[in-house]
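*Asks:* Have a look at the structure that comes next, please.
The values are calculated or read from the model by the stated rules, or taken from the named source; none is laboratory data. Owing to the predicted nature of the structure, the values given are computational and were not obtained by experimental measurement. Cβ placement follows ideal geometry from the backbone for every residue including glycine, while neighbour counts extend to all protein chains displayed.
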Amino acid sequence: MARILALHAHPDDIEWLCAGTLARLAQLGHDVILATATAGEGGSAEHDPETTGGVRRAEAAQAALLIGAAYHCLGLPDLGVFNDDPTRRAVTEFIRACAPDIVITAPTVDYHPDHEATGTLVRDACFAAPVANYRTGPAPPLGGIPHLYITDSVGGRDRTGARHGRDFGVDVGDTLEIKRAMLGCHESQAAWTARHHGIVDHLADMTRWTERVGRDFGVTAAEGFRQYRHEPYPRTPALQDLLADWVLAAPDLAAS
């Protein structure tokens, strides 16, 4: 069995973008860990940062429990995630402590600066995790760089509106209801997304997006991924092999 770490910026980002895939992996018996760089303490207009962060951490832990997964928060500040040396060392130490075979993270181009910075930090921390002379704390260096995968950006576009390509999709038609239940745990975000993002129903909006990705792949619902294969990151299809029966070829490849 494999250990999979999904590390994104805020509580509910994972639920939006890859919870259906994580639910399938958990059903298959793999060890799944959910983590966020921040507690998302900026996500409220009614409560102070400490209260908001506490509520959101509890919601994220509840969502993770629905698939039997652990949840961790790295405690970086909301809207204050930067790719500096202390933060990279902290993320590297966390990855070393988790010792994942596969890491799933945010894209380095997205609408939110914390998403972009988290994606960059995780990419670089995966590179650093096996480097013995890069000292971070008590966790030992990894034996190699984990396989690294990148979710869609929110809405599948960067800040200029350009669409992102995908290497493959995962059919989540059978786990969409679990994904909805996981996002539903984030009750505090219903009012916030309506106020700040103009999204009246965040559950319905997430469902529409997941079904929209599904249409790209010719199924009811799907989640899109890219594998980071640059030197010297692993290039073998580790996640694809775990999910063989649910992996979908990217539309441009399927048409060729």
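*Asks:* Tally up the residues in the range 144-158 that are closer than 19 Å to T21 by Cβ and crowded, with 16+ Cβ neighbours inside 10 Å, please.
*Replies:* Going through the range 144-158 one residue at a time, the tally reaches 10.
*Asks:* Determine the pairs where a residue that is under 13 Å from I102 (Cβ atoms) and assigned to a loop (DSSP other than H, G, I, E, B), located within the range 134-162, has a partner that is among the basic types (K, R) and at pLDDT 95 or above with Cβ atoms under 8 Å apart, the partner being 6 or more residues away or on another chain.
*Replies:* L142/R96
*Asks:* Scanning for something under 15 Å from the mean Cα position of the chain (by Cα) and on the phi > 0 side of the Ramachandran plot, does the range 37-45 turn up at least one residue?
*Replies:* Within the range 37-45 (the criterion being under 15 Å from the mean Cα position of the chain (by Cα) and on the phi > 0 side of the Ramachandran plot), the answer is yes, since at least one residue qualifies.
*Asks:* Among the strands (runs of 3 or more DSSP E) lying completely within the range 17-111, list those that include at least 1 residues that are over 12 Å from L7 (Cα atoms).
*Replies:* Because the criterion is at least 1 residues that are over 12 Å from L7 (Cα atoms), the strands (runs of 3 or more DSSP E) in the range 17-111 that meet it are 31-38, 70-76.
*Asks:* Take V32 and tell me if it is within 27 Å of Y134 (Cβ to Cβ), modelled with pLDDT of 95 or more and not acidic (D, E).
*Replies:* Yes.
*Asks:* Could you grab the pairs with beta carbons closer than 7 Å, sequence gap of 6+ or different chains, first residue in the range 204-221 and more than 20 Å from Q189 (Cβ to Cβ), second one of a type in the set (V, I, T) and surrounded by 15 or more Cβ atoms within 10 Å (Cβ to Cβ)?
*Replies:* A221/V172; A221/T210
*Asks:* Follow-up question, since we're still on this one. Filter the range 144-171 down to residues that are β-branched (V, I, T) and over 17 Å from E211 (Cα atoms) and give me whichever is farthest from the chain's Cα centre (by Cα).
*Replies:* Filtering the range 144-171 for residues that are β-branched (V, I, T) and over 17 Å from E211 (Cα atoms), the one farthest from the chain's Cα centre (by Cα) comes out as T160.
*Asks:* So N83 ticks every box in (1) in contact with an Asp or Glu (Cβ under 8 Å, 6 or more places away or on another chain); (2) buried (at least 20 other Cβ atoms within 10 Å of the Cβ); (3) modelled with pLDDT of 95 or more but one. Which box is left unticked?
*Replies:* (2)
*Asks:* Could I ask something else about it? Out of the residues in the range 154-196 that are touching a helix residue (DSSP H, G or I) at 6+ places or on another chain (Cβ under 7 Å) and among the acidic types (D, E), state the one that is modelled with the lowest pLDDT.
*Replies:* E187
*Asks:* Within the range 111-143, can you find the residues that are more than 21 Å from the chain's Cα centre (by Cα) and either among the aromatic types (F, W, Y) or surrounded by fewer than 19 Cβ atoms within 10 Å (Cβ to Cβ) (or both)?
*Replies:* Scanning the range 111-143 gives P130, V131, A132, N133, Y134, R135, G137, P138, A139, P140, P141, G143.
*Asks:* Further question: Tell me which residues, restricted to the range 54-80, are under 13 Å from D12 (Cβ atoms) and either crowded, with 18+ Cβ neighbours inside 10 Å or in contact with a Leu (Cβ under 7 Å, 6 or more places away or on another chain) (or both).
*Replies:* Correct list: V55, R56, R57, E59, A60, A63, A64, Y71, C73, D78.
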